[in-house]
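The values are calculated or read from the model by the stated rules, or taken from the named source; none is laboratory data. If you're wondering where the values come from, they're calculated on a predicted model, not measured in any experiment. FYI the Cβ positions are ideal-geometry reconstructions off the backbone, even for glycines, and counts take in every protein chain you see. Calculation scope for accessible area: heavy atoms of the full protein, side chains included, ligands and nucleic acids excluded. Shrake-Rupley method; radii C 1.70, N 1.55, O 1.52, S 1.80 Å.
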Amino acid sequence: MPSAHGYDSISDDEGDPMIPSVRRLSNNRSKRNKLWITFGLVLMAFCGLSVGIYEVTVRRKVMLDSDAYSPSILSSKGMKHLKKGPVSAPLGCTVDVMIIRHCERGNLRRDCTDYGQERNEFISTLFGDGADARYPTPSLLYARAEEGKKLVRRSKETIIPLSEKAHIPINNEFGVATKKHMVEGLFSKFRDGELCGAGPVVISWKHENIPKLAAWLGCTPVLGCPEDYGVGYDNIWSIRYRYDQPEYSSKKSGSIGGPAWDIQGAVLHEGFDIVAWEKQKKLEAKGAGAL
């Protein structure tokens, strides 16, 4: 109907055929936006779940790796293995373990250098039954397995002269990842009393992993085994085990339990001096020639 102003009065929705199309387009856009928002939220949730699963997997893998633990935790785990099972070793049983670093490496990193070979010979003179030897003849010899792409064998090479001198085979079945099994085997011999009063167990190993090995053997910095091997090749980590009745209580109650293993570690030194060593060999060769 015409209005007083001379034109038809219509509402905003009447008379314009584009209005319904615009509304439909607006509704479609709104639906698409909601779908995209929903998709984004689902994607974020999926990514978060994936990251969470990955973190759990990595954490589980790290926890399964024995070297991920601190020395104190490794020590407690090692002591559990030592205390596991009955003990037939007599009271007063003592066992010594000596850990040495492998010889100096060459450019190829697989074998010892000439300098390292000289050290290997010198190490063999430290052990023996004579008065001139610093330590007793070993009871067992262990060396780190040939591991890595280059099959590094310096750990075994280091104690080959000692093996030949003492006529003792080298066990190199265990590596960094399987040293726990080596320790378990040793502790079984401890408990059975096989090594009581025998010569030391000598282990040639990779230097950066020696603190972890010592921790598995129950020796921590508090007991004399540092958290780091240090520099050089001269250190010997000596660990003594003694099975006996404790004289004093370590408990708040003051009660003294039954016999137990006591552990004490110390860092010793080979004392290798290549100049003095070569002089000694020349004098010995000269003396042998005179005979």
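For the range 200-221, name all the residues that are open to solvent by less than 10 Å² (accessible area, probe 1.4 Å), within 18 Å of residue 82 (Cα to Cα) and outside any strand (DSSP E or B). 200, 213, 214, 215, 216, 217, 218, 219 - these are the residues of the range 200-221 that are open to solvent by less than 10 Å² (accessible area, probe 1.4 Å), within 18 Å of residue 82 (Cα to Cα) and outside any strand (DSSP E or B).
Summed over the range 134-170, the residues that are open to solvent by less than 20 Å² (accessible area, probe 1.4 Å), in a loop (DSSP other than H, G, I, E, B) and small (Gly, Ala, Ser) give a count of 1. Residues in the range 96-132 that are of a type in the set (Lys, Arg) and either out of contact with any Phe, Trp or Tyr (no Cβ under 9 Å at 6 or more places or on another chain) or assigned to a helix (DSSP H, G or I) (or both): 105, 109, 110, 119. Suppose we keep only residues that are closer than 17 Å to residue 152 by Cβ and either among the β-branched types (Val, Ile, Thr) or touching a Lys or Arg at 6+ places or on another chain (Cβ under 9 Å) (or both) within the range 107-133. Which one would you say is most open to solvent (accessible area, probe 1.4 Å)? For the range 107-133, the residue satisfying everything is 108. Note down all Cβ pairs under 6 Å where the first residue falls in the range 161-173 and is modelled with pLDDT of 95 or more, the second is open to solvent by 30 Å² or more (accessible area, probe 1.4 Å) and assigned to a loop (DSSP other than H, G, I, E, B), and they're at least six residues apart or on different chains. Hits for this filter: 166/137. All conditions but one from (1) modelled with pLDDT of 95 or more; (2) within 22 Å of residue 234 (Cα to Cα); (3) surrounded by fewer than 21 Cβ atoms within 10 Å (Cβ to Cβ); (4) among the hydrophobic types (A, V, I, L, M, F, W, C) apply to residue 196; the one that does not is (2). If you go through the range 266-279 and pick out every residue that is closer than 21 Å to residue 104 by Cα and either touching a His at 6+ places or on another chain (Cβ under 8 Å) or surrounded by 13 or more Cβ atoms within 10 Å (Cβ to Cβ) (or both), you end up with 5.
Among the residues of the range 174-188, those that are at pLDDT 95 or above and either in contact with a strand residue (DSSP E or B) (Cβ under 8 Å, 6 or more places away or on another chain) or closer than 30 Å to residue 115 by Cα (or both) comprise 174, 182, 186.
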